[in-house]
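Let me begin by presenting the structure, written as structure tokens, before commenting on it.
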Amino acid sequence: MLDDLKYIHERDAQDALGVVEKQWQQYQYDFNFSWKPPRDIFDVVVAGMGGSGLAAKAFKSWPGLAVPYEVTQGYELPDYVTDTTLLICSSYSGNTEETVTVLERALDNDFPEKTKPIVVVIASGGKLAAIAKEKQLPFIQLPTGYQPRMTFGYQLRALVELFEQTSLLSGVLPQLHTAAQQLSEQTKTWRPDVAAKDNQAKQIAQELMGKSVVVYSGPLLSPVAYKWKINVNENAKQIAWCNQLPEFNHNEFLGWTEQPVQKPYAVVDLRSNLEHPRVQKRFEVTERLLSGRRPAPIVVQAEGETLIQQLLWTITLGDFVSVYLALLNGLNPTPVDLIEKLKSAMAE
């Protein structure tokens, strides 16, 4: 089925595979963002849900910051926010109600001036863009026409450009550009015109078909595991979870040992040689001790010499896998109709 290009074209009506194949270009997109913070920044809060919060999670792994950094996914602004906090409100549509609520709270006239954060908005349009224009807030406009989960590259690039305008970050854009260029070559073996027998992404999708997917990683690749989880859920419409080691070994590890006896799961281990040596050993020991108690893991060894190379490689592999899994499930990977119905019901 995955080698039938006619079938793929019919099912993948919005060309999700084409978007994934060209994602490397998103990392090289130039927003030409220019901004100077009005004062020193001592901590950072990013408000972003779902696909719009993905890049913020990855940013914590790479390139990271030397100040406290939190991704908030709810309606509330953290109590510790002050006028030296940078608040980034990120929503691809610009209409995500949780993020809009956080922004409105931060701009509320009842909010004491000494606790009003520095605000930057990232969106393609919607309410956030309108508020940014009205309040003359720094604004990065994302390209339109995508599902949020398919704009990871744009959003990571936007964050890097934003922080390079501050004293918190410098000199990482060339690293992102180089990793993206390498990715353009690495992903050619995952394209739909490469047969399943030679295509790692298609092979993994076939192993995941019909099973609940559990994705594990170490701390460095935890945002990648989270993205795999999101993509399997949204693209393939197939349930998936994720967790990370070493936390896994303190609780969930035992959950695999007894019930349920029949385990209709597929386990994916995202491993990196850049993780702490003890984390790498935990993967090996865990696999040995759980042998026969859970399905043998599909081990994905991240490729690349640097962390950003490994992050982009494993993220893009997961994107291909989830789209192929959707096609195996007989589904168009792009629409998320039930989420749209949820939003409509919440608006009533």
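The values are calculated or read from the model by the stated rules, or taken from the named source; none is laboratory data. What you see is a predicted model; the values in this text were computed from it and never measured. Glycine also receives a Cβ, built like all others from the backbone with ideal geometry; neighbour counts cover every protein chain displayed. What goes into the accessible areas is simple: the full protein's heavy atoms, side chains included, and nothing from ligands, DNA or RNA. Shrake-Rupley method; radii C 1.70, N 1.55, O 1.52, S 1.80 Å.
For region 1-45, the residues whose amide N sits under 17 Å from a probe point set 7 Å from the Cα of GLU185 along the beta carbon direction are 24-25.
What distance in nm separates the simple spin-label points at TYR7 and ASP108, each placed 7 Å from Cα in the Cβ direction? Each label point lies 7 Å from its Cα, and together they span 5.4 nm.
Over region 7-52, what per residue volume does the convex hull of the Cα atoms give, in whole Å³? All intermediate terms of the calculation are to be shown ahead of the outcome.
Working: hull volume 5.9 nm³, N = 46.
Convex hull volume per residue, Cα atoms: 127 Å³.
Over all pairs of different C-alpha atoms, region 54-118 has a mean inverse distance whose reciprocal, the Kirkwood radius, equals 12.8 Å. Multiplying the residue separation of ASP193 and GLU258 by 0.36 nm and removing their Cα-Cα distance gives an extension gain of 19.2 nm.
Per the Cauchy relation, a quarter of the hull surface: what is the mean projected area of the convex hull of the alpha carbons in region 65-217, in nm²? Its average projected convex-hull area is 12.4 nm².
Expressed in units of 2.2 N^0.38 Å, where N is the residue count, the Cα radius of gyration of region 195-265 is 1.21.
The fraction of all Cα pairs in region 144-185 landing in successive 5 Å bins from 0 to the largest distance is 5, 20, 24, 22, 17, 10, 2, given as whole percents.
Take the Cα radius of gyration of region 86-159 and divide it by 2.2 N^0.38 Å, N being the number of residues; the result is 1.09. Across the protein chains, with a 1.4 Å probe defining accessible surface, the residues TYR154, TYR265 rank TYR265, TYR154 from largest area downward. Any of LYS135/LYS237; LYS22/LYS237; LYS57/LYS281; LYS6/LYS188; LYS36/LYS343 with alpha carbons more than 27 Å apart? Name them for me. Violating the 27 Å limit, Cα to Cα: LYS135/LYS237; LYS36/LYS343. Translational D (Stokes-Einstein, µm²/s) of the chain at 20 °C and 1.002 mPa s when Rh comes from the Kirkwood sum over C-alpha pairs? It diffuses with D of about 101 µm²/s by this estimate. Taking amide H positions as modeled 1.01 Å from N, with prolines and chain starts lacking one, the residues under 5 Å from ASP269 and 5 or more places away or on another chain are TYR216, ILE298, VAL299, VAL300.
Arrange the peptides 280-291, 46-57 so that the one whose residues have, on average, the most other Cβ atoms within 10 Å appears first.
Descending mean neighbour count gives 46-57, 280-291.
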